[in-house]
Ligand SMILES: Cc1cc2nc3c(=O)[nH]c(=O)nc-3n(C[C@H](O)[C@H](O)[C@H](O)COP(=O)(O)OP(=O)(O)OC[C@H]3O[C@@H](n4cnc5c(N)ncnc54)[C@H](O)[C@@H]3O)c2cc1C
């Protein structure tokens, strides 16, 4: 049986994992997504954070990279299991049986750092969308699109970045946005013209045509309702991310988890910290969540090792 299962590898779960190693706890970290970093990596990786102790400024992704490097530098780092989502847990003798999307784990304590929940890409929202294999939500290997005609949906920085990247290799690149103004940096938007990307605005996708693959996309003009169809080899969707919180069998305050002393939930030896935790005076930011991790991990060490002289600093 593990000492601890930490659920979520956002900033607070990552720091809690470092502390758990410092306390020589045996455990693992479950992360429902294929990447670590929570809101920082999914929602605002390029933003400069200016309210963290010790940094004049650091990008959100830079801070996650620093937390990961610190976590990995420990001699006994807790393994982080990516793509493993906690589904539920139940009490067993001496601890809990945790059911994940990839099997079960037995653990004496659980630390929930599940924040806003697991993120996934926002879809177009058309009924037959999932039946096509060439609708892509994350650009990984652009070389596959050499000499192809591709359509990128979205108007933010990363949609424009994808269009610019693909324009280096694809035969024809369309970028389709429902407004005339892009939300991306003006220098990148100007580059779209220089690189020959065809801007179609203000258009939305109204129909996807094809069998197993989309072969053409029907577009509807938001202002005039005029409809046009373009032939494509692939469609890239960049409409941002949506989060899906998991519900756990603990007492809640609204969508969040109610915690008491030591950030323990209504279930003994199940703790919650970071954005998911709620109590009087709660501040939902990174620094306050990091502090909560210190208290919760110290308490968990006391539970696991009742006779140990627990260190306060190292
Ligand atoms: C636009 C924006 C800007 C911000 N700027 C700042 C700032 O400048 N300074 C600041 O201090 N704070 C800022 N914040 C707030 C900060 O991002 C949050 O306080 C912080 O992300 C909370 O971290 P967390 O680890 O608790 O949760 P999250 O960052 O939400 O991470 C939770 C992790 O848990 C995973 N997870 C969820 N459910 C499960 C499950 N069932 N199984 C497995 N894994 C699961 C998720 O995939 C995710 O990786 C900002 C927030 C936003 C949205």
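Numbers for the structure displayed
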item	result
Residues being out of contact with any helix residue (DSSP H, G or I) (no Cβ under 8 Å at 6 or more places or on another chain) and not in a strand (DSSP E or B) - total across the stretch 181-210	8
In the stretch 242-275, the residues that are away from the ligand (no atom under 15 Å from the Cβ), part of a loop (DSSP other than H, G, I, E, B) and touching a strand residue (DSSP E or B) at 6+ places or on another chain (Cβ under 8 Å)	251, 254, 266, 267, 269
Test: residue 12 is within 9 Å of the ligand (Cβ to nearest atom) and more than 25 Å from residue 97 (Cβ to Cβ)	no
Residue among 159, 163 that alone is free of Cβ contacts under 8 Å to residues at least 40 places away in the same chain, assigned to a helix (DSSP H, G or I) and in contact with a strand residue (DSSP E or B) (Cβ under 6 Å, 6 or more places away or on another chain)	163
Among (1) in contact with a helix residue (DSSP H, G or I) (Cβ under 9 Å, 6 or more places away or on another chain); (2) at pLDDT 95 or above; (3) away from the ligand (no atom under 11 Å from the Cβ) - the single one residue 75 does not satisfy	(2)
Some residue of the stretch 79-99 being assigned to a loop (DSSP other than H, G, I, E, B), without any contact (Cβ under 8 Å) to a residue 40 or more places away in the chain and under 20 Å from residue 18 (Cα atoms)	no
So residue 269, is it on the phi > 0 side of the Ramachandran plot and either assigned by TED's automatic domain parsing to the domain that holds residue 153 or modelled with pLDDT of 95 or more (or both)	yes
Scan of the stretch 38-69 for residues that are within 8 Å of the ligand (Cβ to nearest atom), under 23 Å from residue 83 (Cβ atoms) and surrounded by fewer than 16 Cβ atoms within 10 Å (Cβ to Cβ), ordered by number	43, 44
Matching residues, the stretch 23-37, being closer than 15 Å to residue 112 by Cα and away from the ligand (no atom under 13 Å from the Cβ)	27
Condition check for residue 20: more than 14 Å from the ligand (Cβ to nearest atom), more than 15 Å from residue 287 (Cβ to Cβ), free of Cβ contacts under 8 Å to residues at least 40 places away in the same chain and assigned to a helix (DSSP H, G or I)	no
Hits in the stretch 176-198 - residues which are buried (at least 18 other Cβ atoms within 10 Å of the Cβ) and touching a strand residue (DSSP E or B) at 6+ places or on another chain (Cβ under 7 Å)	176, 192, 197
Yes/no for residue 159 being modelled with pLDDT of 95 or more, outside the structural domain of residue 298 (by TED's automatic domain parsing) and surrounded by 19 or more Cβ atoms within 10 Å (Cβ to Cβ)	no
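Residue-wise test of (1) outside the structural domain of residue 285 (by TED's automatic domain parsing); (2) at positive phi; (3) away from the ligand (no atom under 13 Å from the Cβ); (4) within 22 Å of the chain's Cα centre (by Cα).
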residue: 80; (1), (2), (3), (4): no, no, no, yes
residue: 108; (1), (2), (3), (4): no, no, yes, no
residue: 115; (1), (2), (3), (4): no, yes, no, yes
residue: 133; (1), (2), (3), (4): yes, no, yes, no
residue: 136; (1), (2), (3), (4): yes, no, yes, yes
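The values are calculated or read from the model by the stated rules, or taken from the named source; none is laboratory data. Everything quoted here is computed from the prediction, not taken from an experiment. Glycine also receives a Cβ, built like all others from the backbone with ideal geometry; neighbour counts cover every protein chain displayed.
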